[in-house]
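Please read the structure below before turning to the comments.
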Amino acid sequence: MKKKRNILSLFANIGVAEAYLEDIGFHVAVANELLDRRCNLYQAIYPNTKMICGDITNQNVYNQVIKESKDANVEIVMATPP
């Protein structure tokens with residue numbers, strides 16, 4: 001089986017764009033969303049993704065996204081902004 005490529009999802013919302021990525025060889029390893037309720041639903045749908053909830057313009061949130069992405073060997077950045 002071919003190794004899945006790791007993705008960082010920005011503006012993830014509840015993960016609609018991620019629905020079939022696992023089926024075609026991609027894994028969303030890290031995701032970021034602003035709103036708590038969306039983060040919680042996303043995490044329930046995708047328990048194997050590290051969800052980082054908060055404003056990406058906040059330095060602490062930004063640093064956590066970068067760290068987790070590096071740790072997960074993210075190769076692709078996906079963004080679905082509003």
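Taken together, the values in this text are just the output of simple stated rules run on the coordinates, not laboratory data. On a predicted model such as this, the values are computed, not experimentally measured, just so you know. All Cβ positions, even for glycine, are placed from backbone atoms using ideal geometry, and neighbour counts span all protein chains on display.
Collect the residues in the stretch 37-75 that are among the β-branched types (Val, Ile, Thr) and under 20 Å from Ile14 (Cβ atoms), keeping them in residue-number order.
Ile45, Thr49, Ile52, Ile56, Val61, Val65
Out of all the residues in the stretch 72-79, is one or more among the small types (Gly, Ala, Ser), out of contact with any Pro (no Cβ under 7 Å at 6 or more places or on another chain), under 12 Å from Asn6 (Cα atoms) and in a loop (DSSP other than H, G, I, E, B)?
yes
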